[in-house]
1. Pairing the Cα long axis of helix 11-26 with the longest principal axis of the chain, what angle in degrees results, from 0 to 90 and rounded to the nearest 10?
2. Rounded to two decimals, what ratio of Rg to Rh does the chain give with C-alpha atoms and a Kirkwood Rh?
3. Between His241, His69, His261, where does the largest GNM mean-square fluctuation fall for the chain, given springs only between Cα atoms within less than 10 Å?
4. Which distance in nm do the two modelled labels at Arg151 and Leu314 give, with both placed 7 Å along the Cα-to-Cβ direction?
5. Using only the alpha-carbon atoms, how far is helix 297-312 inclined from the longest principal axis of the chain? Give it as 0 to 90 degrees, nearest 10.
6. Within the accessible area of region 1-150, what % is carbon and sulfur when the probe is 1.4 Å and the other protein chains stay in place?
7. Enter the Cα centre distance for the pair region 164-206 and region 51-80, rounded to the nearest angstrom.
8. With a Förster radius of 30 Å, plug the Cβ-Cβ distance of Thr342 and Asp168 into 1/(1 + (r/R0)^6) and report the FRET value to the nearest 0.05.
Amino acid sequence: MTTQILPTDFPEDLKSSVSEAARLLAQGEVVALPTETVYGLAADALNADAVAKIFAAKERPTFDPLIVHIPHKNDLDMVAEVPENIAKAVTKLIERFWPGPLTLVLPKKACVPDIVTSGLPTVAVRASSNLVFNRVARTLGKPLAAPSANRFGAISPTSANAVRAELDGRIPLILDGGACLHGLESTIIKVEDVGESKPRFVVLRPGPITMDDLKPFGRPVLLKNLKGDHKIEVPGQLPSHYAPRTPLRLLEAPDDFIPEHGKTYALLSFCGDEEDGYLKLADWKQTFVLSPGKGKMPEAAVRFFFALRELDNLGVDEIIAEPMQERGLGIAIMDRLRRAATKR
Ligand code: TXA
Ligand code: MG
């Protein structure tokens, strides 16, 4: 199969590329589409055979459920039910954050095939704010299942070229919508009524919508901080994920590192400040600074997966990564870094 990349830069391109994508999707094919987070590999969420092609192209195990994208924020009832006791909170979250990078885990409707949810009674839903994605979803008029458009466990793609590097020859079409706005996958939450005045939001995956963003609407708690019986099983959130082929080490303190003779290294730096003590630790083959200067987290997030891909392509023995503060967006970036650093 040859993989075509179609542009969306100008109105004429956009129109013809969108109709080609919608045509393929209506036929039960898969198409890679830009979203505001990362590129997704989309298929008609209500067509089990089409969804099976996503798993095949990505070599994704079927125990890892997909996120379903509804064409419009008012279309939740296409795929999910909202329990009475959390309805108010869900409505407020949707009003505030959709379309956008927040995914809600809710009881699924019977029309959603089991392959989408890995047999779970719940479905993960969001509405994307990306214009190209929306045009395609609205032209098709159906919900789209779309995980990130990378091979299972690999680095998420934030450009059409990155999708090609992952899935060339395995999918018929990629729509090129340029770089993704956020660069990190959506925040995934489960809204729970725990008998308190505010609902609890279990954050299954930290992302662009931060704990601080969620606080006015409920009590967000990171899944990893939930203890004992309250622990929810999250399929698919494996310890190793987003991983380059090159070994990556998260270096909590610069003193913990002595370069080995004859080995080559690259550095992933947050702000490239000499005072942090990382720049001169080794004769780096390349230093990639995520946000030069004062270190801005949204900038670091946008460039993060691109940086991993660049450094992975150098062929060094090891990538050394600086940590960053685990606050705000830093929680989501550090989550990705830790998983990238875990051996498969
Ligand atoms: O930003 C995003 O969310 C991107 C873009 C393409 O929308 N999509 C994405 O999908 O990151 P993916 O497949 O890489 O991540 C889906 C994850 C699963 O690995 C799983 O952890 C969680 O979403 N998930 C899906 N359905 C779930 C469910 N019913 N219950 C709990 N977690 C679920
Ligand atoms: Mg993914």
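The values are calculated or read from the model by the stated rules, or taken from the named source; none is laboratory data. Note that the structure is a prediction, hence the values are computed from the model and not measured. Cβ: placed from backbone, ideal geometry, glycine included. Neighbour counts: every protein chain shown. Side chains are part of the model used for accessible areas, which takes the heavy atoms of the whole protein and leaves out ligands, DNA and RNA. Shrake-Rupley method; radii C 1.70, N 1.55, O 1.52, S 1.80 Å.
1. 70 degrees
2. Radius of gyration over Kirkwood radius for the chain works out to 0.97.
3. His261
4. The modelled label-to-label distance comes out at 2.2 nm.
5. 70 degrees
6. 53 percent
7. After rounding, the separation between the Cα centres reads 11 Å.
8. 0.65
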